[in-house]
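> Here it is: the structure, laid out below.
The values are calculated or read from the model by the stated rules, or taken from the named source; none is laboratory data. Please read all numbers here as calculations on a predicted model, not as lab measurements. Positions of Cβ are generated from backbone atoms using ideal geometry, with glycine treated the same way; all protein chains shown enter the neighbour counts.
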Amino acid sequence: MPAWHLRDYHDRDLDQAIRIWEQSRLADEDPVFPVSEVMAAAQSGQTAVVAVVGDELVGMAVAQTGGTRGWVLLVALASRWRERGIGSALLSELERRLRALGVRRVSALLPADAAGTKALENSGYRLRDDLTYYEKIEPDDTANAEVLATLGGRMLPSGLWDAMAGMEREKQVVERRVVLPLTEPALADRFAVAPPKAVILFGPPGTGKTSFAKAVASRLGWPFVELYPSRLAADTDEGLAVALRQAFADLAELDSVLLFIDEVEEIAGARSGKAVDPGHGVTNELLKLIPVFREHDTRLLTCATNSVRSLDAAFLRPGRFDYVIPIGPPDPTARAAIWTRYLRAATDSVDLTRLVEASELFTPADIEYAARKGAQTAFEREVTQRRGLPATTEDYMTAIADTRPTLTARAIEEFMEDIETYSRL
C-alpha cells in the first residue's frame, strides 16, 4: 500500500474533497455542517488539511475559528483508507495549526457514528452527554437575502416592464421568446417549449439593453444581479477566472435570479488561438460555467454587448444561448412614445412631430437627456419671469441641437449587418 502524507488544501482539490465527503456520510445522515459550508470555509482560508497518496485525495479535515475556540467542521476519509491512522494524523495537524492561531478550546459537532468520531476519540476528545444541541433554521428567503446582499443584487420595483415607453418591436420579441415561457412554465411544457436559460441582447450603445434586462427581472419577480467584470478582477488577487467561478458558486445559493453581464465582450471576446492570450482563461471559465448555470429552471443569464461581432464563436452557439436578440434604435413610433413619457405636462404645448423628426439618430438615453435639458431651460425661465408658461417646442429643439447623438449612420449600418449575421430568434 503506497504511503500517504499531509499537505494544505488547494482549490483544485474541491471535486475530490466532495467525493470523500459523500463517501464518509451515512446513508440517512443529516450533517450538522453542509458540504457547501465546509468547502466555502476551506476555500476562504480557514484551517484545512488533506491527506494524499500521489495525486489522490484520501482524507480531509476542516476547522473554523472564532476567538480562542475552534470548531471541527469535517473529518472525512476515503472508504478504502480508513483504519490507517489518517484521521488521527489529520486532527493532530489541524490542532497544531489552531494552536498557532491562539485557539485553546477545540470542539466538534458530528452526527453519532459519523466518519471521524473514532479519530476524535483516539485523539483525546471526550464525548459530552451533558449538553443539548439546539438548532434553528432560518427561512430560505433569509439566506437568499444574505447571498443577494453579498452579490450586490436586489429586488427591483414592480412595473418596470410596463414603464418602458416605445420599443414595441423589441418588447414583443422579448415577451414572446423570454418572458412568457418563464411565466407560464406548465403551458410551455405542454407544448414542449423549453423556457430560456440564457440570452444575449445586442445593439448600439444606449438603446436600452440594461433597461430590458431589469424590466424582465421586474416582470418575473426575480432578484436582479449584475456582474461587473472589472470589479470582479479588482476584488481578488487570484485573477478574474477565479472570481467569476466564485460569483457563480454564490449565485447557485439563490432560488431564482436574473444574472446580467453588460459589455460581456470584456470576458468573452474572440480568442486569438494563442495559448499566451490572457483572455483565454477567463473565456474558457465562462464557457464552463454557463452549462452548470443552465441546469436550474428559475435562472436566466442575460448578457448585453455593443459589439456582438467581437464575441467568441463558441460563446455564441445555441447550446449556450437560446436567443440572440437585437435591441435597436427607436423608430419614429417608439421615439414619439419615449418623448411623450418625458414631456409629461408639456405634451399639449409641444409639436411632438418636430421633436420626433429632429431626433432621428437618438437613442432612448439621448431623448431622456434632451427632454431633461429642455425642461430645465423652461424651469429656469419660469423661476426668473414667473409668467406661468410651459416648456415650448423651441426649448426642446434647442436641447436636441445641443445633444450629440449616440448613433451614427455607420453604426446603424453595422447593426443591420449584425442582425443578418448573428440574430437568433
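Yes or no, residue by residue, for (1) of a type in the set (D, E, K, R); (2) more than 20 Å from Gly67 (Cβ to Cβ):
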| residue | (1), (2) |
| --- | --- |
| Leu98 | no, no |
| Gly102 | no, no |
| Leu110 | no, yes |
| Ala114 | no, yes |
| Lys118 | yes, yes |
| Gly124 | no, yes |
| Asp130 | yes, yes |
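> Now, a different point. Just to be sure I understand, how many residues within region 5-32 are surrounded by fewer than 19 Cβ atoms within 10 Å (Cβ to Cβ) and either touching a Gly at 6+ places or on another chain (Cβ under 6 Å) or hydrophobic (A, V, I, L, M, F, W, C) (or both)?
6
> While we're looking at this one, here's another question. Which one is modelled with the lowest pLDDT, of the residues in region 128-176 that are among the charged types (D, E, K, R) and part of a loop (DSSP other than H, G, I, E, B)?
We begin by selecting, within region 128-176, every residue among the charged types (D, E, K, R); these are 128-130, 135-136, 138, 140-141, 146, 154, 162, 168-171, 175-176.
Then drop every residue that is not part of a loop (DSSP other than H, G, I, E, B), which leaves 128-130, 135-136, 138.
Values: Arg128: 85, Asp129: 83, Asp130: 85, Glu135: 71, Lys136: 63, Glu138: 52.
Filtering region 128-176 for residues that are among the charged types (D, E, K, R) and part of a loop (DSSP other than H, G, I, E, B), the one modelled with the lowest pLDDT comes out as Glu138.
> Return the only residue of Arg177, Arg169 being surrounded by 17 or more Cβ atoms within 10 Å (Cβ to Cβ), of a type in the set (D, E, K, R) and in contact (Cβ under 8 Å) with a residue 24 or more places away in the chain.
When all the criteria are applied, what remains is Arg177.
> I'd like to verify a number: residues in region 311-325 that are within 26 Å of Ala411 (Cβ to Cβ), modelled with pLDDT of 90 or more and not aliphatic (A, V, I, L, M), how many?
Going through region 311-325 one residue at a time, the tally reaches 2.
> Condition first: crowded, with 20+ Cβ neighbours inside 10 Å and either assigned by TED's automatic domain parsing to the domain that holds Leu201 or at pLDDT 90 or above (or both). Now tell me which residues in region 364-377 satisfy that.
If the condition is that a residue be crowded, with 20+ Cβ neighbours inside 10 Å and either assigned by TED's automatic domain parsing to the domain that holds Leu201 or at pLDDT 90 or above (or both), then Asp366, Ile367, Tyr369, Ala370, Ala371, Gly374, Ala375 are the ones that fit.
> Are any residues in region 399-425 assigned to a helix (DSSP H, G or I), touching a Gly at 6+ places or on another chain (Cβ under 7 Å) and not small (Gly, Ala, Ser), and if so, which ones?
Once the filter is applied, which keeps residues that are assigned to a helix (DSSP H, G or I), touching a Gly at 6+ places or on another chain (Cβ under 7 Å) and not small (Gly, Ala, Ser), region 399-425 yields only Phe415.
> Further, regarding this structure: With the structure loaded, tell me whether Glu380 is part of a loop (DSSP other than H, G, I, E, B) and either β-branched (Val, Ile, Thr) or without any contact (Cβ under 8 Å) to a residue 12 or more places away in the chain (or both) or whether it fails that test.
no
> Of the residues that make up region 213-235, is at least one under 30 Å from Val35 (Cα atoms), in a helix (DSSP H, G or I), touching an Asp or Glu at 6+ places or on another chain (Cβ under 6 Å) and touching a residue at least 12 places away in the same chain (Cβ under 8 Å)?
So far as region 213-235 goes, yes, one or more of its residues are under 30 Å from Val35 (Cα atoms), in a helix (DSSP H, G or I), touching an Asp or Glu at 6+ places or on another chain (Cβ under 6 Å) and touching a residue at least 12 places away in the same chain (Cβ under 8 Å).
> Run Ala186 past the list (1) assigned to a loop (DSSP other than H, G, I, E, B); (2) of a type in the set (A, V, I, L, M, F, W, C); (3) more than 25 Å from Phe248 (Cβ to Cβ) and report the number of the one that doesn't hold.
The one condition Ala186 does not meet is (1).
> Suppose we filter region 303-333 for residues that are over 26 Å from Pro405 (Cβ atoms), in contact (Cβ under 8 Å) with a residue 40 or more places away in the chain and not in a helix (DSSP H, G or I); how many remain?
6
> Hey, another quick one. State the number of residues belonging to region 307-318 that are in contact with a helix residue (DSSP H, G or I) (Cβ under 8 Å, 6 or more places away or on another chain) and surrounded by fewer than 21 Cβ atoms within 10 Å (Cβ to Cβ).
6
> Collect the residues in region 33-84 that are under 29 Å from the mean Cα position of the chain (by Cα), within 17 Å of Tyr125 (Cβ to Cβ) and surrounded by fewer than 23 Cβ atoms within 10 Å (Cβ to Cβ), keeping them in residue-number order.
If the condition is that a residue be under 29 Å from the mean Cα position of the chain (by Cα), within 17 Å of Tyr125 (Cβ to Cβ) and surrounded by fewer than 23 Cβ atoms within 10 Å (Cβ to Cβ), then Phe33, Gln64 are the ones that fit.
> Determine if region 246-255 includes at least one residue that is outside any helix (DSSP H, G or I) and either at pLDDT 90 or above or acidic (Asp, Glu) (or both).
yes
> Next question. Only one of these is over 15 Å from Gly87 (Cα atoms) and at pLDDT below 85: Asp11, Asp55. Name it.
When all the criteria are applied, what remains is Asp11.
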